[in-house]
Amino acid sequence: MNAITVIILYCVGIVIMFQQSDYKLVHNHAEVVSYNKMYMAYLRLMNVKPNRTYRAYTVYFHLLRDLDGNDFKLRVMLEAILNNVPKLKIAQFDLKVCWILNAKSFGTERILEASNLTACPVKRGYYGIENFNINDGGLPPNIPPGKYRLSLTFLDETTSILQLYAFIDIVYAVQH
């Protein structure tokens with residue numbers, strides 16, 4: 001193995017194993033921007049509050065096609081909101097959905113626990129994910145506090161299947 005390969009593997013390992021307690025995410029709401037009716041016959045996203053202090057999302061959908069693990073991708077974009085308008089792109093990257101689910105990073109193990117999804121490839125059928133939110137302990141450290149829009153676009157190769165926006169606040173955790 002050459003030095004570049006070792007550095008890349010090390011960086012990937014750091015990304016998967018982020019652990020921080022400096023800040024927490026406040027989930028404001030999420031909304032569906034669009035979905036492809038060739039892939040999904042039905043989609044319902046609800047912002048729920050199962051108890052007084054916990055906000056979550058519940059999603060139900062009917063998938064019309066099988067999604068292959070190699071071509072099923074997630075495009076993530078984080079934008080800072082200034083004066084109630086998303087203005088500054090902080091990060092954008094693509095991930096293979098099956099890789100995320102199998103690596104159990106970014107709180108995806110909670111998706112599998114809260115849903116009837118199984119391992120990849122994702123087969124067509126009816127699915128539900130109940131009372132899910134992002135695990136803030138698994139995100140990278142040193143993100144500045146503020147208001148953000150998280151754009152999640154699910155792709156089959158280059159075809160958009162679903163685009164969601166989640167509006168979040170990043171606040172410093174209270175240290176006791």
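The values are calculated or read from the model by the stated rules, or taken from the named source; none is laboratory data. This is a predicted model, so every value here is computed, not measured. Counting neighbours? That spans all protein chains shown, and the Cβs are built from the backbone with ideal geometry, glycine included.
Here are some notes:
- The residue that is nearest to L63 (Cα to Cα), among those in the range 93-108 that are modelled with pLDDT of 75 or more and under 12 Å from the mean Cα position of the chain (by Cα), is V97.
- Output for the range 121-176, where each listed residue is modelled with pLDDT under 75, surrounded by fewer than 12 Cβ atoms within 10 Å (Cβ to Cβ) and either assigned to a strand (DSSP E or B) or among the polar types (S, T, N, Q) (or both): N142, Q175
- A single entry from Y54, Y42 fulfils the requirement of being among the hydroxyl-bearing types (S, T, Y), under 23 Å from E113 (Cα atoms), modelled with pLDDT of 90 or more and surrounded by fewer than 15 Cβ atoms within 10 Å (Cβ to Cβ): Y42.
- In the range 109-119, residue modelled with the highest pLDDT [restricted to those that are out of contact with any Leu (no Cβ under 9 Å at 6 or more places or on another chain) and in a helix (DSSP H, G or I)]: E113
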